[in-house]
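K.L.:
Shown below is the structure under consideration.
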Amino acid sequence: MIKLTNITKRYGTGDSAVHAVKNVDLEVAAGQIMGVIGESGAGKSTLIRCVNLLERPTEGSVHVDGNDLTAMNGTELSRARRNIGMIFQHFNLLSSRTVFDNIALPLELAGNSKAEIKQRVNELLELVGLSHRAHAYPNALSGGQKQRVAIARALAPAPKVLLCDEATSALDPQTTQSILALLKELNQRLGLTILLITHEMQVVKSICDKVAIINDGELIEQGDVAWFFANAQTDLARRFIASTINLDIPEEYQQRLSAVREPGALPLVRLGFTGETVDTPLISILSRELSVDVTILSADIEYAGGVKFGFMLAELDGAPEQTQAAMTYLDEHKIQLELLGYVRRHD
Ligand SMILES: Nc1ncnc2c1ncn2[C@@H]1O[C@H](COP(=O)(O)OP(=O)(O)OP(=O)(O)O)[C@@H](O)[C@H]1O
């Protein structure tokens, strides 16, 4: 449904040019939800704005629903854009128009009759659960309600594709979940193809089928969400995954943590299990075969895209050569291991 081929976007020229997106290839199949995740400044907004040519790529082509947008003239492009809805972090509603009139706007511009507009807007209001606020003005709405209006407005021309530019970043966690649930429902009920950008892995985990990671303008990893959680290759991807799990070092350990191993201090490690490693009877192997006792400080097992993955914060108790052998064992058995430091014994 969406096919980006070798997209590059440079702002400016010469020495001051900013290379915001570099040689990106990306495909989103019809009916899929794809999330592009990256840190601030990675090029997410630029990339998503290239899909409907709000930003014209410096190089490369953009196909949506089989049409090459980059080869179109102005009139053709305006028509093609009706097939691509977009919502934004700050909703972009017209404050002087009611909810009803905001949603009606694209239909008015397309020349629909009053009767058609009334029927369609009422359908959309019902779809997003806002029939009771039809005559309210945007400033009387909550953030979540504003985003529902923006979604209804984006869907008014019945697009096949919805682009979401950080659509939940201005919302609290609970409202975020309700908007994500609405997007998933629209995807399933209408067969809507969704491309979203976000800096939050939780968004990807909640609703996406596919994920791509963007870093410094380049897509460095992409795949099924289930595959990704089990097989992420890059440190950045692993950091994003870890960010969905709350494994903080307890204050009491924090105070006794040191970067160097003093006599008697024990390694504190964060372990990540994905795919086949999640079911390994690891603790008994370490204690039985390597004589290392594992004290678990906290652990979390989760599911994403039907795949189990988990993290554990643990202290490894044993002589230095034994704990070193245990860490080598973990590393060799594809368990992600991060040494956080050495915990001094209580004085
Ligand atoms: N209109 C512009 N002119 C010049 N440089 C720009 C322009 N828009 C974006 N950039 C630069 O391009 C790079 C990518 O920006 P972009 O906004 O796409 O990243 P982002 O991942 O969406 O970041 P954020 O999450 O902070 O919005 C940044 O270095 C940014 O400063």
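K.L.:
If a residue must be away from the ligand (no atom under 15 Å from the Cβ) and under 16 Å from LEU196 (Cα atoms), how many such residues does region 1-24 contain?
P.N.:
3
K.L.:
Now for a different question. Could you check region 47-68 and list, in sequence order, the residues that are more than 15 Å from the chain's Cα centre (by Cα) and within 24 Å of ALA152 (Cα to Cα)?
P.N.:
Those that are more than 15 Å from the chain's Cα centre (by Cα) and within 24 Å of ALA152 (Cα to Cα): ARG49, CYS50, VAL51, ASN52, LEU53, LEU54, GLU55, VAL64, ASP65.
K.L.:
Keeping to region 64-89, report how many residues are open to solvent by 20 Å² or more (accessible area, probe 1.4 Å), away from the ligand (no atom under 12 Å from the Cβ) and within 26 Å of PRO138 (Cα to Cα).
P.N.:
Of the residues in region 64-89, 4 are open to solvent by 20 Å² or more (accessible area, probe 1.4 Å), away from the ligand (no atom under 12 Å from the Cβ) and within 26 Å of PRO138 (Cα to Cα).
K.L.:
Does SER61 satisfy being surrounded by fewer than 16 Cβ atoms within 10 Å (Cβ to Cβ) and away from the ligand (no atom under 16 Å from the Cβ)?
P.N.:
yes
K.L.:
Which is out of contact with any helix residue (DSSP H, G or I) (no Cβ under 6 Å at 6 or more places or on another chain), at pLDDT below 95 and closer than 19 Å to ARG97 by Cα, of ALA150, ALA110, ALA115, ALA154?
P.N.:
ALA110 is the lone residue from the list that is out of contact with any helix residue (DSSP H, G or I) (no Cβ under 6 Å at 6 or more places or on another chain), at pLDDT below 95 and closer than 19 Å to ARG97 by Cα.
K.L.:
Answer yes if at least one residue in region 40-48 is within 16 Å of the ligand (Cβ to nearest atom), outside any loop (DSSP other than H, G, I, E, B) and of a type in the set (Ser, Thr, Tyr), and no otherwise.
P.N.:
Among the residues of region 40-48, at least one is within 16 Å of the ligand (Cβ to nearest atom), outside any loop (DSSP other than H, G, I, E, B) and of a type in the set (Ser, Thr, Tyr), which makes the answer yes.
K.L.:
Can GLY41 be described as within 18 Å of GLU166 (Cβ to Cβ) and open to solvent by less than 10 Å² (accessible area, probe 1.4 Å)?
P.N.:
no
K.L.:
What are the residues in region 160-198 that are closer than 21 Å to ILE245 by Cβ and out of contact with any Gly (no Cβ under 7 Å at 6 or more places or on another chain), if any?
P.N.:
Scanning region 160-198 gives THR168, SER169, ASP172, PRO173, GLN174, THR176, GLN177, LEU180.
K.L.:
Moving to a separate point now. Considering only residues that are open to solvent by 70 Å² or more (accessible area, probe 1.4 Å) and either touching a residue at least 60 places away in the same chain (Cβ under 8 Å) or of a type in the set (Val, Ile, Thr) (or both), which ones fall in region 1-18?
P.N.:
Residues satisfying the conditions are LYS3, THR13, VAL18.
K.L.:
Which of the residues spanning region 164-211 are outside any helix (DSSP H, G or I) and either in contact with an Asp or Glu (Cβ under 7 Å, 6 or more places away or on another chain) or open to solvent by 30 Å² or more (accessible area, probe 1.4 Å) (or both)?
P.N.:
Selection gives SER169, ALA170, ASP172, GLY191, ILE197, THR198, HIS199, GLU200, ASP209, LYS210.
K.L.:
Now for a different question. Sort out which residues of region 161-170 are modelled with pLDDT of 95 or more and over 14 Å from the mean Cα position of the chain (by Cα), and write them in order of number.
P.N.:
VAL161, LEU162
K.L.:
Out of the residues in region 213-229 meeting the condition of being under 13 Å from the mean Cα position of the chain (by Cα) and within 12 Å of the ligand (Cβ to nearest atom), tell me which one is farthest from LYS44 (Cα to Cα).
P.N.:
Result: ILE213.
K.L.:
Counting only residues that are open to solvent by 20 Å² or more (accessible area, probe 1.4 Å) and under 29 Å from THR198 (Cα atoms), give me the strands (runs of 3 or more DSSP E) lying completely in region 232-331 with at least 2 of them.
P.N.:
Filter on region 232-331 gives 293-304, 307-317.
K.L.:
Is there a residue in region 140-157 that is of a type in the set (Val, Ile, Thr) and surrounded by fewer than 17 Cβ atoms within 10 Å (Cβ to Cβ)?
P.N.:
no
The values are calculated or read from the model by the stated rules, or taken from the named source; none is laboratory data. Note that the structure is a prediction, hence the values are computed from the model and not measured. Please note: Cβ atoms are built from the backbone with ideal geometry, for glycine as well, and neighbour counts cover all protein chains shown. Only protein heavy atoms, including side chains, enter the accessible area calculation; ligands, DNA and RNA are left aside. Shrake-Rupley method; radii C 1.70, N 1.55, O 1.52, S 1.80 Å.
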